[in-house]
Number of protein chains: 2
Amino acid sequence: MEVVDILKKYSKSIDEEIKNSLISVDPDELQKSTLHLIEAGGKKIRPSLVVLSSEAVGGHAEEALKTAAAVELIHTFSLIHDDIMDKDDKRRGRPSVHVMWGEPMAILAGDTLFSKAFETVLQTEVDGVSYERVIEALKTVVDSCIKICEGQASDMCFEGNFDVSEDEYMNMIYKKTGALISAATRSGAIIGGGSPVQVETLTEYGRLIGLAFQIQDDYLDVISDEENLGKPVGSDIIEGKMTLMVVHTLSNASNKDKEELVSILKADKDTNVARAMELFEKYGSINYTHDIAHEHVENAKKLLETLEESEATFALAKIADYVLQRNK
Amino acid sequence: MEVVDILKKYSKSIDEEIKNSLISVDPDELQKSTLHLIEAGGKKIRPSLVVLSSEAVGGHAEEALKTAAAVELIHTFSLIHDDIMDKDDKRRGRPSVHVMWGEPMAILAGDTLFSKAFETVLQTEVDGVSYERVIEALKTVVDSCIKICEGQASDMCFEGNFDVSEDEYMNMIYKKTGALISAATRSGAIIGGGSPVQVETLTEYGRLIGLAFQIQDDYLDVISDEENLGKPVGSDIIEGKMTLMVVHTLSNASNKDKEELVSILKADKDTNVARAMELFEKYGSINYTHDIAHEHVENAKKLLETLEESEATFALAKIADYVLQRNK
């Protein structure tokens, strides 16, 4: 089965759970703004990981659907608030929520999706899952929300500060991107009744592919093409963003090259993207980034081999590969 | 015991729970912004209601402290986000969080407090409270968060629309103000192990004093004085805000008076506050507002009489009275 088919398998059921959750939101303006990005689609990787992780430990897909929906609601909440903070006007090919309804309603739409996510996990009990598992799943999801906020705050604090170590950078992207993906696989394994070892294995699998996902994003920004990216090559350089390539080059370059890269990243206009790429190349940072992403995915797949082979573990391995195969 | 002493009784323990919850927040900027309003004080009415409601049904105060802290965290989250939406630059005598750290960090501070609130309730299990009670308390708290968002959205949608019925207005203020106060008393009763009847009684008590609290705010805006209010008398009229007096006058006035009041409320400058008050007076709306607030408080106190008399029920009755006695 191809990844696109894997992600399609539960997509409809997940969408139904999400829409059930949001149907009662009142007033209309608030409901519409919460549904805006949901209706625009999205690949549903995170909620699919919840269901597959549950199945991988022998659980029933149906029991994991509400937690899956919750993870997608949290992802959507974070996109809406991030778009306000980062002043991003487009998302999933549509105007962002704050562009459509203004910032106050967009803040509320995010807060509502956030609340609805917890309500949805709490309803898992209806599906016959024990209180204990629901509480453990909730703890996992809540913990990832705290990390998402901390990761976004660190990212904001890093802006214009190029004195960031690789450890600090990895910790930031773990919190910002990895934590929710890891919470998806962990909460799925918990709801599915996995043993402590199985739960930890899938947590770590999620953490590794989550990190690989972000690192691959960094990598694609310089090696992909505009048509696939949907934005110019080197956008991260133009925006002066911290990426693994920047961190790696800065910690290996001569003082002169370091200064040059920082001044390119800080430039307000006519950013010398080509020269930044030359510097990345000079210090092996592009290959380094490629290798780290691959290493994370390989380690994630090795972890899967410790679980009993099933259609679900096969699908999880496919998703790990997909993190590197996508070109946008 | 006076209300000020009742609120002081658990204030220190509640503060400790809140600070324990926020001590791990990272980076520093995010932690400081989450603590800003907490450190500014606040009367701690909501968390005290959690503890007292737990005690009123025979529970131990200690078991209810984490849920109490969570309710205060949610209250603080909603203040931070409301201040961004309403462009309020001051809160608790300090510059608002978004004034100090900018809107992006203030959005994140709110989101972090929100997440931390749920984490805190989930830790109640450590205090030996059953999973079932923790889940029921969480459902209550989550439900109030959804209502807070809906209430704020309705309030925003009402702006400039004076075609709002009394029922619609009461529903809006219930969601915006009453729901969290009602969730405080309900979750306290649940954690304390109250019977279904006791839980419903305290839920309704909370709803009634929550509504009375907001209605009394409406009332004080026209009958108090600037020194006590900390803002000019008639501020709500100047801001063109919907209040129970406005709703009552508009639904009872002649067409001519109705038009006049609407035009006063819509005025951008030189708002004729005195004339608006005359119109309120003409249709008995000031007395009506006073009476509704008193009626709610009386009904709330009658409900308490159905519970076994204790220091806690006595304190809850005192808090109900306090809703009407305060002058700011």
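The values are calculated or read from the model by the stated rules, or taken from the named source; none is laboratory data. All figures in this text were calculated on a predicted structure; none of them were measured in a lab. So basically every Cβ, Gly included, is an ideal-geometry build from the backbone, and we count neighbours across all protein chains shown.
Would you point out which residue out of B:GLU150, B:GLU136, B:GLU132 is crowded, with 23+ Cβ neighbours inside 10 Å, of a type in the set (Asp, Glu) and within 14 Å of chain A (Cβ to nearest Cβ)?
B:GLU150
Being away from chain A (no Cβ under 14 Å) and among the small types (Gly, Ala, Ser) is the filter here, so list the residues in region B:51-95 that pass it.
Within region B:51-95, B:SER53, B:SER54, B:ALA56, B:GLY58, B:GLY59, B:ALA61, B:ALA64, B:ALA68, B:ALA69, B:GLY93 qualify.
Name every residue in region B:39-77 that is touching a Lys or Arg at 6+ places or on another chain (Cβ under 8 Å) and either of a type in the set (Ser, Thr, Tyr) or farther than 20 Å from B:LEU122 by Cβ (or both), in order of residue number.
B:ALA40, B:GLY41, B:GLY42, B:SER48, B:SER53 - these are the residues of region B:39-77 that are touching a Lys or Arg at 6+ places or on another chain (Cβ under 8 Å) and either of a type in the set (Ser, Thr, Tyr) or farther than 20 Å from B:LEU122 by Cβ (or both).
Using the structure shown, decide if B:LEU180 is at pLDDT 95 or above, of a type outside the set (Asp, Glu) and within 18 Å of B:LYS318 (Cβ to Cβ).
Criteria not met by B:LEU180.
Considering only residues of region A:221-261 that are among the small types (Gly, Ala, Ser) and part of a helix (DSSP H, G or I), which is farthest from A:TYR169 (Cα to Cα)?
Result: A:SER235.
Please state which one of B:SER254, B:SER310 is at pLDDT 95 or above, under 17 Å from B:LEU49 (Cα atoms), surrounded by fewer than 16 Cβ atoms within 10 Å (Cβ to Cβ) and among the polar types (S, T, N, Q).
B:SER310
Evaluate region B:287-304: report whether one residue or more is of a type in the set (Val, Ile, Thr), over 15 Å from B:GLY210 (Cα atoms) and in contact with a helix residue (DSSP H, G or I) (Cβ under 6 Å, 6 or more places away or on another chain).
no
Only one of A:VAL199, A:VAL262 is at pLDDT 95 or above, more than 19 Å from A:PHE280 (Cβ to Cβ) and not acidic (Asp, Glu); which?
That would be A:VAL199, the only listed residue that is at pLDDT 95 or above, more than 19 Å from A:PHE280 (Cβ to Cβ) and not acidic (Asp, Glu).
Restricting to region A:197-221, count the residues that are out of contact with any Lys or Arg (no Cβ under 7 Å at 6 or more places or on another chain), among the β-branched types (Val, Ile, Thr) and either surrounded by 22 or more Cβ atoms within 10 Å (Cβ to Cβ) or within 17 Å of A:ALA320 (Cβ to Cβ) (or both).
Number satisfying all stated conditions: 3.
Just to be sure, is A:LYS116 facing another protein chain (nearest Cβ under 8 Å), touching a residue at least 60 places away in the same chain (Cβ under 8 Å) and crowded, with 17+ Cβ neighbours inside 10 Å?
yes
I want to confirm something. Restricting to region A:31-60 and keeping residues that are among the aliphatic types (A, V, I, L, M) and out of contact with any Gly (no Cβ under 9 Å at 6 or more places or on another chain), which single residue is nearest to A:LYS139 (Cα to Cα)?
Checked region A:31-60; the qualifying residue nearest to A:LYS139 (Cα to Cα) is A:ILE45.
In region A:9-49, which residue that is away from chain B (no Cβ under 14 Å) and aliphatic (A, V, I, L, M) is nearest to the chain's Cα centre (by Cα)?
Per the stated criteria, the residue is A:ILE45.
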